[in-house]
Amino acid sequence: SKFLNDKWMIKNGFLNDVQEHKPWWWSIKVQKLNLSAPLILLPEVSCQKAIEILQEKGYDQAPVVAESGLILGMVTLSNTLTSVLAGNAQFSDPVTKVIYDQFSKIGLEDSLGKLSCILENDHFAIVVHEQMQFNGNGSSFMKQMVFGVVTAMDLLTFVSRNEKK
């Protein structure tokens with residue numbers, strides 16, 4: 001761990017959170033955040049339509065998920081507008097042209113401490129839930145479903161509303 005810091009190790013699942021003086025909320029599970037159902041965009045949605053939908057619904061970002069359930073990335077209002085205005089994308093292009101494909105995922109059973117480590121470097125994390133699915137020949141596989149998107153503001157709101165007196 002000489003070349004890697006502990007927060008990186010926690011974020012990437014190589015180390016359990018070992019903070020000695022943990023805040024009261026550190027070990028609480030992500031599922032306690034009571035996140036609202038996410039707005040999900042399919043990859044064929046145009047940049048123009050994505051901007052309209054995000055603005056209309058009051059979101060800054062949304063996961064882009066293939067019909068198969070595969071999480072392709074995140075589309076953000078700012079990145080979409082910046083890409084279009086810079087000429088790197090057109091309003092008619094699909095959102096896949098402007099998505100962030102580097103993003104962090106966190107499970108419902110993970111701790112808010114792990115989430116805190118992720119949010120030190122990332123603006124958001126995609127909350128995923130693992131489901132076992134079976135196909136026609138009876139073989140099973142695990143599939144990740146998007147459960148929500150969590151930001152530092154969500155964590156801060158939870159902590160401030162539930163602060164131990």
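How high is the relative contact order of the chain, in percent, with contacts defined as C-alpha pairs under 8 Å that are six or more residues apart?
Here the relative contact order equals 24 percent.
Other residues within the sphere of radius under 14 Å centred on the Cβ of I51, judged by their own Cβ, net out at -1 (K and R +1, D and E -1). Within the listed set I71, I28, I126, the Gaussian network model of the chain (springs between alpha-carbon atoms below 10 Å) gives the highest mean-square fluctuation for I28. Each label was represented as a point 7 Å from its Cα along the Cα-to-Cβ direction; for D101 and K22 these points are 3.6 nm apart.
Please work out how much length the chain gains when fully extended from R161 to S140, using 0.36 nm per residue of separation minus the C-alpha to C-alpha distance, in nm with one decimal. Please list the in-between numbers first.
Values: separation 21, 0.36 × 21 = 7.56 nm, distance 4.09 nm.
So the chain would gain 3.5 nm between R161 and S140.
Remark: the chain projects, on average over all directions, an area of 12.8 nm² (convex hull of Cα atoms). Inter-part distance, region 125-157 to region 59-90, computed on C-alpha centroids, equals 19 Å.
Each Lys or Arg adds one and each Asp or Glu subtracts one; over the other residues with Cβ under 15 Å from the Cβ of G87, this totals 0. For the chain, a Gaussian network of Cα nodes joined below 10 Å ranks G58, G87, G138 by mean-square fluctuation, and the top entry is G138.
With N the number of residues in region 105-165, Rg(Cα) / (2.2 N^0.38 Å) evaluates to 1.46. Each DSSP beta bridge with both residues in the chain is either parallel or antiparallel, and the antiparallel ones are about 80%.
Rounded to the nearest 10 degrees, the angle from helix 47-57 to the longest Cα principal axis of the chain is 50 degrees. For the residue pairs K22/K114; K105/K143; K29/K114; K32/K114; K32/K57, the C-alpha atoms sit more than 18 angstrom apart in K32/K57.
Helical content of the chain, expressed as a calculated mean residue ellipticity at 222 nm, amounts to -7500 deg cm²/dmol (DSSP H runs of 4 or more residues, -39,500 (n - 2.57) each, divided by residue number, nearest 500).
Restricting region 71-165 to GluC sites (Glu not before Pro) that sit in a DSSP loop and have at most 15 other Cβ atoms within 10 Å of their own Cβ leaves E109, E120, E163. Taking amide hydrogens as placed 1.01 Å from N in the peptide plane, the amide H of V45 sits under 5 Å from those of V95, each at least 5 positions away in sequence or on another chain.
Over 20 Å apart: what share of the alpha carbon pairs of region 38-102 falls there, rounded to a whole percent? It would help to have the intermediate numbers written out before the result.
Numbers: 313 of 2080 pairs.
Result: 15 percent of Cα pairs exceed 20 Å.
For the pair K49 and Q31, label points projected 7 Å from Cα toward Cβ lie 3.4 nm apart.
Bear in mind that the values in this text are calculations on the coordinates, not laboratory data. Bear in mind the structure is a predicted one, so any value in this text is a computation, not a measurement. Neighbour counts run over all protein chains shown; Cβ positions are idealised from the backbone, glycine included.
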